[in-house]
Amino acid sequence: MTLIVAGTVRVPPEHLDGFRPHMVAMMTATRAEDGCGAYSYAEDVTQPGLIHVFEVWRDQAALDAHFKTDHMANWRTAWNATCGSSAQAWTHRSPSLAAGSSAKVMSSPGR
């Protein structure tokens, strides 16, 4: 089952330029993972620091493996150093999919 993950993360606007290289590193490494069909960030044009995240995974096993990668651990470390451990957690929600497809709603605090 293909999984589509869409969500947001908030980066304090004053830290966005410093955090951007970590986002680029995360995207580059994640896109090279087996089972990753798409992984992207988009900065909201009306809310500084609001980053939209879009991911497509071959299946749950591929997404689970993603959470165990070194670059995910590095991203978490950078997140805590740049945004603080009390920063808003990721919120994932699954959009409606075409008939015959299935979706899974997920929330991953600290991600």
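Those residues that are more than 17 Å from residue 17 (Cα to Cα) and touching a helix residue (DSSP H, G or I) at 6+ places or on another chain (Cβ under 9 Å), I need them from the range 41-76; list them, please.
Listed by number, the residues that qualify are 55, 57, 66, 69, 70, 71, 72, 74.
Can you work out which of the residues in the range 41-69 that are more than 15 Å from the chain's Cα centre (by Cα) and at pLDDT 90 or above is surrounded by the fewest Cβ atoms within 10 Å (Cβ to Cβ)?
46
So, restricting to helices (runs of 4 or more DSSP H) that lie completely within the range 1-92, which ones have at least 2 residues that are in contact (Cβ under 8 Å) with a residue 60 or more places away in the chain?
Values: elements: 16-31, 60-67, 70-83.
By residue number, 16-31, 70-83.
Which of the numbered conditions does residue 25 fail, given that it passes all the others? Conditions: (1) within 10 Å of the chain's Cα centre (by Cα); (2) at pLDDT 95 or above; (3) closer than 20 Å to residue 83 by Cα.
The number of the failed condition is (1).
The values are calculated or read from the model by the stated rules, or taken from the named source; none is laboratory data. Bear in mind that the values here come from a model prediction, so they are computed numbers and not experimental data. Glycine gets a Cβ as well: all are built from the backbone with ideal geometry, and neighbour counts include every protein chain shown.
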